[in-house]
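Undergrad: Dropping a structure here in structure tokens format, bear with me for questions.
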Amino acid sequence: MTSSTTHLALPFFDEAHRDIAARLPDWAAAQQVDERDDRAACRDWVRRLGEGGWLRYCVAAEHGGALPALDSRALVVLRETLAFYSPLVDFAFAMQGLGSGAISLGGTPQQQAAYLPAVARGDKIAAFALSEPEAGSDVAAMKTRAACAGPSSAGGQNHSDAGGWRLNGIKTWISNGGIADFYCVFAKTDPQAGSRGITAFIVDKGAAGLDDSAHIHVMAPHPLATLHLADCAVAGDAPLGDINGGFKLAMQTLDIFRASVAGAALGMARRALAEAIDHARQRRMFGQTLADFQLTQAKLGEMAALIDAGALLTYRAAWMRDTQQGSMKERSVAAAMAKMTATESAQRVIDMALQMHGGRGVEVGAKVESLYRDIRSLRIYEGATEVQQLIIGKAVLT
């Protein structure tokens, strides 16, 4: 079973994206990874993605990347294709980009040289540590604190403190938690300033005071953990970008990857549709195949339309971001529409595919059963559906 590439003829894409779509399916279909241990599997996938050259799309060319800059359309094509074959390989790929995105956008040349080429090779596993037990959608409510450990110099971009920093707090729902080689951690450096008092830091695995051993087990297994930071010591050059500029950096990072979440949802939905079509053609009942029933045909038609509607919004959002079409607000709204529509529609498509399989659909080991579990988190992470609705709603009122 292979993914379709007919949508790559749309004018949103250019030859670099069509080249990815031409090469990636054969590579993905040829991989055989035992995913029963999600942590071991994720490490394996990162290694394979690095060896295959696919992680080069997570960083810019000057740091070993495949394209001049991070490209939302390439990320969408990659994630849509990978998710069709394995949601876990999609996760492994996405986290290399998201986890290092703040370094790509705000890192010093020294930070970029130390981390990004290793990310592109698959030598270092990245993680993005923003969420907290009481600060998910409400980022400004985070309680993790970062304080200078010694005499500080003047603030500003690429601030350096000779005495280093101490971080204290809890981060949770951290993808790649426990297996990451480094974390981009966001903490309050000015607790009274709300979202304007947040700074990003690079925290290496093994840093004194970092405990990333508290694994979180979820319905669709993938590496997830809670981080405990207790006087976690980092060097004076650990901050990323401006001191107190971390919120903007986090939003810029998420902005690049939000459309790619929609791409992953499309990949899962396309696989569910393919499984449903294959099942409908083979399943016999009442002297004919399931595909012969008009009710089946109607459901398959609805599924296909839902996928294409989400796809067009997704490709538009990625194209707008890459080509800087419209204002920043318009681009954010387009990304919100894509993320909301593609993930919500994928949930419906996968549910219909499972229903069409009947009892076989809920059997553990069935592809539609695992897709049913895999899709659910995409409606929550990197901005829940309700947050996307608010973004869109506020925009249409102004």
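Undergrad: Hey, among Leu82, Leu78, Leu70, Leu98, which residue is of a type outside the set (Phe, Trp, Tyr) and more than 24 Å from Val33 (Cβ to Cβ)?
TA: Just one listed residue meets the conditions, Leu70.
Undergrad: Right, something else. Which residue out of Asp34, Asp26 is assigned to a helix (DSSP H, G or I), at negative phi and surrounded by fewer than 14 Cβ atoms within 10 Å (Cβ to Cβ)?
TA: Being assigned to a helix (DSSP H, G or I), at negative phi and surrounded by fewer than 14 Cβ atoms within 10 Å (Cβ to Cβ) holds for just one of Asp34, Asp26, which is Asp26.
Undergrad: In the range 72-123, which residues are under 19 Å from Leu24 (Cβ atoms) and not in a helix (DSSP H, G or I)?
TA: The answer is Ser86, Gly122.
Undergrad: Report whether or not Lys143 is under 18 Å from Trp165 (Cα atoms) and either in a loop (DSSP other than H, G, I, E, B) or among the basic types (Lys, Arg) (or both).
TA: Against the criterion (under 18 Å from Trp165 (Cα atoms) and either in a loop (DSSP other than H, G, I, E, B) or among the basic types (Lys, Arg) (or both)), Lys143 qualifies.
Undergrad: Just the residues that are modelled with pLDDT under 85, farther than 16 Å from Gly246 by Cα and surrounded by fewer than 19 Cβ atoms within 10 Å (Cβ to Cβ), please, taken from the range 134-173.
TA: Ala149, Gly150, Pro151, Ser152, Ser153, Ala154, Ala162, Gly163
Undergrad: Mind telling me which of the residues Gly301, Gly310 ends up being under 22 Å from Ser345 (Cβ atoms) and surrounded by fewer than 22 Cβ atoms within 10 Å (Cβ to Cβ)?
TA: After ruling out the rest, the residue left standing is Gly301.
Undergrad: Condition check: basic (Lys, Arg), in contact with a helix residue (DSSP H, G or I) (Cβ under 9 Å, 6 or more places away or on another chain), part of a helix (DSSP H, G or I) and free of Cβ contacts under 8 Å to residues at least 60 places away in the same chain. Does Arg281 satisfy that?
TA: yes
Undergrad: Has the range 46-54 got any residue that is within 30 Å of His215 (Cα to Cα), outside the structural domain of Arg316 (by TED's automatic domain parsing) and not in a helix (DSSP H, G or I)?
TA: Yes, the range 46-54 has at least one match.
Undergrad: If you go through the range 223-241 one residue at a time, how many are in contact with a Gly (Cβ under 8 Å, 6 or more places away or on another chain), within 20 Å of Gln96 (Cα to Cα) and assigned to a strand (DSSP E or B)?
TA: Number of matching residues: 5.
Undergrad: Taking the range 242-252 as the search range and keeping residues that are outside any loop (DSSP other than H, G, I, E, B) and touching a residue at least 12 places away in the same chain (Cβ under 8 Å), which one is nearest to Ala200 (Cα to Cα)?
TA: Gly246
Undergrad: From the list Ser131, Ser86, Ser104, pick out the single residue that is over 20 Å from Ser377 (Cβ atoms), buried (at least 17 other Cβ atoms within 10 Å of the Cβ) and either in the same structural domain as Arg373 (by TED's automatic domain parsing) or of a type in the set (S, T, N, Q) (or both).
TA: Ser104
Undergrad: Counting only residues that are surrounded by fewer than 17 Cβ atoms within 10 Å (Cβ to Cβ) and either of a type in the set (A, V, I, L, M, F, W, C) or assigned to a strand (DSSP E or B) (or both), how many does the range 174-222 have?
TA: Count: 10.
Undergrad: Name the residue that is surrounded by the fewest Cβ atoms within 10 Å (Cβ to Cβ), counting only residues in the range 231-253 that are out of contact with any Phe, Trp or Tyr (no Cβ under 9 Å at 6 or more places or on another chain) and not polar (S, T, N, Q).
TA: The qualifying residue surrounded by the fewest Cβ atoms within 10 Å (Cβ to Cβ) is Asp231.
Undergrad: For the list (1) more than 18 Å from Ala274 (Cβ to Cβ); (2) free of Cβ contacts under 8 Å to residues at least 60 places away in the same chain; (3) within 21 Å of the chain's Cα centre (by Cα), I need the number of the one condition that Gln32 fails.
TA: Among (1) more than 18 Å from Ala274 (Cβ to Cβ); (2) free of Cβ contacts under 8 Å to residues at least 60 places away in the same chain; (3) within 21 Å of the chain's Cα centre (by Cα), the lone unmet condition for Gln32 is (3).
Undergrad: Residues being at positive phi and either out of contact with any Lys or Arg (no Cβ under 7 Å at 6 or more places or on another chain) or modelled with pLDDT of 95 or more (or both): count how many of those fall in the range 361-396.
TA: 1
Undergrad: Can you tell me which of Met303, Met356, Met320, Met328 is assigned by TED's automatic domain parsing to the domain that holds Tyr381 and either farther than 30 Å from Leu390 by Cβ or among the aromatic types (Phe, Trp, Tyr) (or both)?
TA: One residue alone meets the criteria, Met356.
Undergrad: Surrounded by fewer than 23 Cβ atoms within 10 Å (Cβ to Cβ), outside any helix (DSSP H, G or I) and over 21 Å from the mean Cα position of the chain (by Cα), is that true of Gly358?
TA: Answer is no for this residue.
Undergrad: Follow-up question, since we're still on this one. Only one residue in Gln388, Gln355 is in contact with a helix residue (DSSP H, G or I) (Cβ under 9 Å, 6 or more places away or on another chain), of a type in the set (S, T, N, Q) and closer than 20 Å to Phe247 by Cβ, so which one is that?
TA: Among Gln388, Gln355, only Gln388 is in contact with a helix residue (DSSP H, G or I) (Cβ under 9 Å, 6 or more places away or on another chain), of a type in the set (S, T, N, Q) and closer than 20 Å to Phe247 by Cβ.
Undergrad: Also, quick follow-up: If you check Ala366, Ala334, which single one turns out to be crowded, with 17+ Cβ neighbours inside 10 Å and farther than 16 Å from Val261 by Cβ?
TA: Result: Ala366 is the single residue among Ala366, Ala334 that is crowded, with 17+ Cβ neighbours inside 10 Å and farther than 16 Å from Val261 by Cβ.
The values are calculated or read from the model by the stated rules, or taken from the named source; none is laboratory data. Everything numeric here is computed off the predicted structure, so don't read it as measured data. When we count neighbours, we look across all protein chains shown, and the Cβ atoms used for this are built from the backbone with ideal geometry, even at glycine.
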